[in-house]
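Notes follow the structure.
The values are calculated or read from the model by the stated rules, or taken from the named source; none is laboratory data. None of the values given here were measured: they were computed from a predicted structure. Glycine also receives a Cβ, built like all others from the backbone with ideal geometry; neighbour counts cover every protein chain displayed. SASA here: full protein model, heavy atoms, side chains in, ligands and nucleic acids out. Shrake-Rupley method; radii C 1.70, N 1.55, O 1.52, S 1.80 Å.
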Amino acid sequence: MNFGTVCIIGPGLIGGSIGLCLKKRNLASKIIGVCHRTSSIEKAVKMQALDAGFLNANEAVKDADIVILATSVDKIIDLAKEVIPIMKSNSILTDVGSTKALIVKQITNNIRKDIAFVGAHPIAGSEQRGIEVALPDLFDGCTCIITPLKYSTKAVETISTMWQLMGAKVKFMSPEQHDEILASVSHLPHLVASCLINSIKKEHISYVASGLRDTTRIASGDPELWANIFDQNRDNVIKSIEQLIAELNKFKNDLINKDAAALIDKLKKAKLIRDSVFNNNSKNLNKK
């Protein structure tokens, strides 16, 4: 299957990986990018993530069949407003933002009747950023959440098929449900990793080992990017923080009460849940 001309605005880790994947699997006739710097365009073309690139959206977007907004979440809404008037009739606008409710609402309110918008979020990536770390197989086995307001449109089918052909498992849900889930499984873990590092006394840091390194890896993510994610999903993140505080208080009370049995129960429960999730994922990856 071929999705025609695809324009990727912001070919960093995720956008660049989309370009590399589309190219490797022959899923697009042409891949165009929009970057801030000429050097970024040259790098992306050399890596074969893009066929061509532009510094402004006008030329890049006008002939595209699919336009993918792959920037940080705080820029997606404004970029959508910029490109919607330029896009050709019957084209599709989509995004990869890790928050959805605000983005879907704002873009839907501004969309033209002759083009479609399909919100999407591939749950993939790392704490690193930039086209340099993009991978053609980044989306193999990942979940991509599609958050359409109408489930039975041709555009939804097109974007869902594109992600499936790039190796992702597609799931559908409302933007609100997406944000509630991601607050606890993605946004809270980053916040916790940052708080954990910040809570350690400076004189103790020199004694850290692999346990703290592995637990706090994601705290190395871009601070501004994550501050914007927390801001857009504020209410859900606050609820997740409150749930974590309640769990921490239970542990604290068990320690105060010297209730070893309760502590062991909690640790066993955590081990069972984590092993059931990540051991199964490892087995599935090993089968590929």
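Things worth noting here:
- Conditions (1) hydrophobic (A, V, I, L, M, F, W, C); (2) open to solvent by 30 Å² or more (accessible area, probe 1.4 Å); (3) under 30 Å from SER40 (Cβ atoms); number of the one not met by ILE131: (2)
- Answer from SER39, SER89, SER29 - the residue that is farther than 22 Å from THR161 by Cα, free of Cβ contacts under 8 Å to residues at least 40 places away in the same chain, of a type in the set (Ser, Thr, Tyr) and open to solvent by 20 Å² or more (accessible area, probe 1.4 Å): SER39
- Verdict on SER72 being open to solvent by less than 70 Å² (accessible area, probe 1.4 Å), more than 21 Å from GLN164 (Cα to Cα) and not acidic (Asp, Glu): yes
- Annotation for the stretch 276-286: no member residue is touching a helix residue (DSSP H, G or I) at 6+ places or on another chain (Cβ under 8 Å), in contact (Cβ under 8 Å) with a residue 12 or more places away in the chain and either over 24 Å from GLY97 (Cβ atoms) or in a helix (DSSP H, G or I) (or both).
- When the stretch 6-26 is limited to residues that are closer than 18 Å to VAL133 by Cα and among the basic types (Lys, Arg), the one that is surrounded by the most Cβ atoms within 10 Å (Cβ to Cβ) turns out to be LYS23.
- Selected residue [open to solvent by less than 20 Å² (accessible area, probe 1.4 Å), out of contact with any Gly (no Cβ under 6 Å at 6 or more places or on another chain) and more than 30 Å from VAL185 (Cβ to Cβ)] from ALA80, ALA52, ALA57: ALA57
- Scanning the stretch 160-219 for residues that are within 17 Å of ILE145 (Cβ to Cβ) and of a type in the set (Ser, Thr, Tyr) returns SER160, THR161, SER174, SER184, SER186.
- Count of the stretch 95-123 residues which are surrounded by fewer than 20 Cβ atoms within 10 Å (Cβ to Cβ), out of contact with any Ser or Thr (no Cβ under 7 Å at 6 or more places or on another chain) and either in contact (Cβ under 8 Å) with a residue 40 or more places away in the chain or at positive phi (or both): 3
- Test: residue in the stretch 163-176 that is modelled with pLDDT under 95 and in contact with an Asp or Glu (Cβ under 9 Å, 6 or more places away or on another chain): no
- Number of the exception - VAL156 against (1) in contact (Cβ under 8 Å) with a residue 24 or more places away in the chain; (2) out of contact with any Gly (no Cβ under 6 Å at 6 or more places or on another chain); (3) open to solvent by 50 Å² or more (accessible area, probe 1.4 Å): (3)
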